[in-house]
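The structure under discussion appears below in the form of structure tokens.
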Amino acid sequence: MHSPATASAQRMIREEHFAQMKPTAIYISTGRGPTTDEAALIKALDEKKIAAAGLDVLEQEPPGSNNPLLKMDQVILTAHVASASARFDEARKRRVGVELASVLTGRWPRSCVNPSVLAKSSLVRWQPYSMERGPNS
């Protein structure tokens, strides 16, 4: 999901959309927080209608400490700052595309913050270097 925070996009992804997803679906949101109905996302995760979520935006920024998404094992949160700098150049944009292409074609990404999870995935290892190497190696 990558949408601007416009009036027409407000809570554009709702309970009925999560209900249509496969139980193995991973919901990724990189647009703006108010475009996802967080209560519906939390319900979908709790009821295992979807497997996980990767979010770099939330409805409320910064999130309150009582936000259930902060405590869910199947949710990964990142800071929404990737394009906030003029230094976000073409090389980094290409790198993101290469990493996504690797995962979408069933291969390990070259860079993983928590590489120990890769062995547990259905992705195929293709890199010639050790899993112990850190992010952006």
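Here are the numbers:
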read-out: Options THR35, THR30, THR78, THR24: the member that is at pLDDT below 95, of a type in the set (S, T, N, Q) and either over 20 Å from SER3 (Cα atoms) or in contact with a Pro (Cβ under 9 Å, 6 or more places away or on another chain) (or both); value: THR35
read-out: Long-range neighbours under 8 Å by Cβ, at least six apart or interchain, first residue open to solvent by 50 Å² or more (accessible area, probe 1.4 Å) within the range 107-124, second of a type in the set (A, V, I, L, M) and not in a helix (DSSP H, G or I); value: ARG107/LEU123; ARG107/VAL124; SER116/MET131; ALA119/MET131
read-out: Output for the range 4-60, where each listed residue is touching a strand residue (DSSP E or B) at 6+ places or on another chain (Cβ under 7 Å), over 15 Å from ILE76 (Cα atoms) and of a type in the set (Val, Ile, Thr); value: ILE13, THR35, THR36
read-out: Selection within the range 18-49 - closer than 20 Å to SER122 by Cα and under 13 Å from the mean Cα position of the chain (by Cα); value: ALA25, ILE26, TYR27, ILE28
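The values are calculated or read from the model by the stated rules, or taken from the named source; none is laboratory data. Predicted model, so just to flag it, every value in this text is computed and none were measured. Counting neighbours? That spans all protein chains shown, and the Cβs are built from the backbone with ideal geometry, glycine included. SASA here: full protein model, heavy atoms, side chains in, ligands and nucleic acids out. Shrake-Rupley method; radii C 1.70, N 1.55, O 1.52, S 1.80 Å.
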